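Structure, as structure tokens:
The values are calculated or read from the model by the stated rules, or taken from the named source; none is laboratory data. From a predicted model like this one, the values you see are computed outputs, not experimental measurements. Cβ: placed from backbone, ideal geometry, glycine included. Neighbour counts: every protein chain shown. With ligands, DNA and RNA removed, areas are computed over all heavy atoms of the protein, side chains included. Shrake-Rupley method; radii C 1.70, N 1.55, O 1.52, S 1.80 Å.
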Amino acid sequence: MTVSVFIPRDSSAVSLGADTVANSIRSEAARRGLDMKIVRNGSRGMFSHEPMVEVATGAGRIAYGPVTPADVASLFDSDFIAGREHRLRLGIADEIPWLKLQTRLTFARVGVIDPVSLDDFLLHGGYRGLERALEMRPEDVIAEVTKSGLRGRGGAGFPTGIKWKTAADAPATQKYIVCNADEGDSGTFSDRMIMEGDPFVLIEGMSIAAIAVGATHGYIYLRSEYPHAHRTLTEAIAIAYSKGSLGTNLLGSGKTFDLEIRLGAGAYICGEETAMLESIEGRRGMVRFKPPLPAIEGLFGKPTVINNVVSLATVPIILERGANFYRDFGAGNSRGTLPIQLAGNSKRPGLVETSMGVTLHEIVHDYGGGTASGKAVRAVQVGGPLGAYFPASMLDTPLDYESMAARGGILGHGGIVVFDDTVDMARMARYAMEFCAIESCGKCTPCRIGSIRGAEVIDDIINRRRMPESLEIIRDLCDTLKFGSLCLLGGLTPLPVLSALKFFPEDFGLKPADVDFIAQDLTISASGAGNTNEIA
Ligand SMILES: Cc1cc2nc3c(=O)[nH]c(=O)nc-3n(C[C@H](O)[C@H](O)[C@H](O)COP(=O)(O)O)c2cc1C
Ligand code: SF4
């Protein structure tokens, strides 16, 4: 009987040697005359155990990891293809607590199936959402997505169904679906894992969006730094065309949806939706004024739905299982699950999909096991480079839109970067301004000039120059960035800066009283550092 052995092709596993391990296992099987089918699956997201090799047995898929080429001979000697004992044996993959405790809805198939096998996708429930959507009226599809409570997972958290309705209601003969796969936030990789581990679910989600709003053409805007995702997506799109699940007559419905990939050139601002549209149209990524909203006047001036990869990849399960099933997960107005990405100085980094409302502590300590260095966790940054830094004392914060906002943070794309007690938070604050200066598209003055001045003022504070005026200047500057920037690159840069100042004043040579002008929720109070030009 042919044994199936699963070795991830996901770039995180490949970077840890998965290709070499696959070659070693293939050669060793041939040398021993064993019949073996090697499946290159996506990653389950448990990076501390990658490359994680799984073997299909009657008792389920048995996992071993992390496997190196040096372990391969001993795995065969131990009869791992029958799931037998070995020092790297982790047990039945689905029963590993790190995976079992999660609620994998969007990521249900990631790490399980062969990403470029349409048959495998169908065998694991693929296209059930699209099939149901094709039986429904477009307005009912939109109502179902609205009712599910799904909000954009790209960062802004805007209700997906409302965005779709705006595009559906806009009169036009041509409409577009654009998938934002720029994934620029630090410590994030959930989009990449979907595209490398279950690309058909993204194609399915985009197809559902297309029939709901009346679009016939879609683009995936993919960052060029994702060559593996590019390869997998390209292959999946070609297969979908050849099997009639893209192009004219979508799944035999008579509807048309064409899909192509556009590669970005690597600018953070090209993840901002209007700069992305400029880039797709062949121009430099500069932010556009809003209104008009892209849903009304977007790509090539036509109504365009722009959604993040995870948002779109979540739509199929909502259509398949129904809005109520999805909205039963979550907390408050943050419904459903969130694929959280744990990175930085973490002992067990990786992807954790779980119900919204899980606390930072549960992710950083229970799943993550604290820091990789073994030192104390001092800070975490949530929501990418524009997110707030939270001190260890605030790890009780639940990960949902409202709780994060109440504490001055953002959920962003669900990335968490962990820092131990050697971090210098004054340097991190300075870096936030530098990042803004480097990535600024240059269209508006607060961001283009303010970020450069901001880095200088932080230097002044650290070096005790012009104190306390430098504190007044940083306060004014943050207000100007927040209220005067055209987009959220400039608008959110104050968050990492003010949170670093508020929660870690000692790293700037300051006392807690010096930063009293910053409230706990990171708004700036009017009674602050003696400023005469106050914005309350
Ligand atoms: C500076 C900046 C960078 C952004 N980068 C991304 C990104 O890489 N991926 C993404 O999906 N959204 C990004 N966004 C958010 C998008 O503008 C937009 O809100 C999102 O793609 C909409 O999809 P959603 O509603 O499904 O989240 C960024 C926004 C800003 C201001
Ligand atoms: S805030 Fe920065 S990135 Fe955004 S439009 Fe202004 S200059 Fe461009």
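Tabulated data
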read-out	value
Candidates Thr106, Thr57, Thr68 - the one that is among the polar types (S, T, N, Q) and buried (at least 17 other Cβ atoms within 10 Å of the Cβ)	Thr106
Residue count for the stretch 1-38, restricted to those that are outside any helix (DSSP H, G or I), surrounded by 18 or more Cβ atoms within 10 Å (Cβ to Cβ) and touching a strand residue (DSSP E or B) at 6+ places or on another chain (Cβ under 6 Å)	3
Selection from the stretch 467-498 of residues that are open to solvent by 50 Å² or more (accessible area, probe 1.4 Å) and within 16 Å of ligand 2 (Cβ to nearest atom)	Thr480, Lys482, Phe483, Leu486, Leu488
Identity of the residue in the stretch 441-466, open to solvent by less than 50 Å² (accessible area, probe 1.4 Å) and out of contact with any helix residue (DSSP H, G or I) (no Cβ under 6 Å at 6 or more places or on another chain), that ends up nearest to ligand 2 (Cβ to nearest atom)	Cys444
Output for the stretch 245-276, where each listed residue is of a type in the set (Gly, Ala, Ser), out of contact with any helix residue (DSSP H, G or I) (no Cβ under 7 Å at 6 or more places or on another chain) and either more than 16 Å from ligand 1 (Cβ to nearest atom) or closer than 18 Å to Tyr176 by Cα (or both)	Gly252, Gly254, Gly271
Number of the condition not met by Glu281 [criteria: (1) within 15 Å of ligand 2 (Cβ to nearest atom); (2) open to solvent by 40 Å² or more (accessible area, probe 1.4 Å); (3) farther than 15 Å from Ala170 by Cβ]	(1)
Positions within the stretch 254-278 being open to solvent by 30 Å² or more (accessible area, probe 1.4 Å), under 25 Å from Ile208 (Cα atoms) and touching a residue at least 24 places away in the same chain (Cβ under 8 Å), in sequence order	Lys255, Thr256, Asp258, Glu260, Ile261, Arg262, Leu263, Glu272, Glu273
Qualifying residue in the stretch 404-413 (condition: over 20 Å from Leu522 (Cα atoms) and of a type in the set (D, E, K, R))	no
Filter result for the condition that a residue is in contact with a Lys or Arg (Cβ under 8 Å, 6 or more places away or on another chain) and modelled with pLDDT of 95 or more, over Tyr268, Tyr241, Tyr221	Tyr221
